[in-house]
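Trainee: The structure follows.
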Amino acid sequence: MKIVSWNIQWCLGVDGRVDPARIVEEAKAFADFDVLCLQEVACNFPALKGSAGEDQFAAIGALLPGFTAIPGIAVDTPAPDGARRTFGNLVLSRLPVQQATRVQLPWPCDPGLRSMPRMLLEVVVRVPFGLLRVMTTHLEYYSALQREAQVEGVRARHAEASEHARRDRPVDASEGPFHSFAQTASAVLTGDFNCRVTDPAYARMTAPFDERAPAFDDAWTVLHPGVAHAPTVGVHDRAQWPEAFACDFMFASRDLRPRLRGVAVDAATSASDHQPVLLELA
């Protein structure tokens, strides 16, 4: 299976044009993906550069018929006309989606710094080898305090889900909200982590767990040992990113290591300030 992750910067290209259709076209040109994980998806934010306030969650979903679209809202604020403005993540899957979970990540006060709420979107999909949790997130950029707290929130969710998989047994077969679904410890964690590989937040993301959960591997370091990560920002947009480096990663739970087949960065597209990342599993 193929998973693509991309911070789409509300569909704003380096040319200054906001175009959801271009995002979908570029992603499809990069890979015949089974799951597409997007960050920085906007709805009703006309103040964002180049945007008319379009509902990008709906627009992108409509451009991928046959995919299940699961939104994950991190920011939800009022507009002057009484409507809502939303900003966050979006997962689209052509594989069967069993369950979606939305986790609001910690947002500790860090006075004097710009910040916004952040969340983790988790989708359990049925794959040929069983169940897989696909998680995507977008961590805080300006505040290291908040970013590191959010890493702990992501780790806590992975440990919690893994514990469910290890100990839970179905107890409710009804069609109500208490219906029991099978759980899995196997997980892929994607997104914009807003940190470099030298950052403490990156090291913590790959730190061991106790017996409750498998640790995360950076798929790039497993498949390209000794090779520096391909940059995911600063490739085309040198105004925002004077230096090119990697901050968008594909982590996989250690039990998936035998299934890792490929990880790559699309350096060609300039449809966002970030480059999309592809992970292939067998």
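Trainee: State the Kirkwood hydrodynamic radius of the stretch 161-276 in Å, one decimal place, computed from all pairs of distinct Cα atoms.
Mentor: By the Kirkwood definition, the hydrodynamic radius is 16.4 Å.
Trainee: May I ask you to derive the relative contact order of the chain, considering only C-alpha pairs under 8 Å and at least 6 residues apart, and to give it as an integer percent?
Mentor: Relative contact order here is 19 percent.
Trainee: Moving on to the next point. Order of Y202, Y142 from fewest to most other C-beta atoms within 10 Å?
Mentor: Y142, Y202
Trainee: Using the Cβ atoms and a cut-off under 13 Å, what net charge is assigned to the surroundings of F33, where Lys and Arg are +1 and Asp and Glu are -1?
Mentor: My count for the surroundings of F33 gives -3.
Trainee: For the chain, what is the charge dipole size about the Cα centre, in debye to the nearest 20, if Lys and Arg each add +1 at the Cβ and Asp and Glu each add -1 at the Cβ?
Mentor: 400
Trainee: Go through the stretch 75-146 and name the trypsin sites (Lys or Arg not before Pro) that are in a DSSP coil and have 13 or fewer other Cβ atoms within 10 Å of their Cβ.
Mentor: Passing both the DSSP loop test and the Cβ count: R114.
Trainee: As a test of understanding, state the convex hull volume per residue of the chain from its alpha carbons, in Å³.
Mentor: Per residue, the Cα convex hull of the chain comes to 145 Å³.
Trainee: In nm², what is the average projected area of the convex hull enclosing the Cα atoms of the stretch 136-204?
Mentor: Spelled out: convex hull of the Cα atoms, projected over all directions, averaged, 5.8 nm².
Trainee: Which of S174, Y141, F216 sits closest to the plus end of the dipole of the stretch 2-281, meaning its Cα is farthest towards the positive end, when Lys and Arg get +1 and Asp and Glu get -1 on the C-beta?
Mentor: Result: S174, furthest along the dipole toward the positive end.
Trainee: Separate question: When each pair of different Cα atoms in the stretch 39-189 is counted once in the 1/r mean, what is the Kirkwood radius in angstroms, to one decimal?
Mentor: Answer for the stretch 39-189: a Kirkwood hydrodynamic radius of 17.1 Å.
Each reported figure results from applying straightforward, stated rules to the coordinates on display, with no laboratory input. Please read all numbers here as calculations on a predicted model, not as lab measurements. No Cβ is skipped: glycine too gets one built from the backbone with ideal geometry, and neighbour counts run over all protein chains shown.
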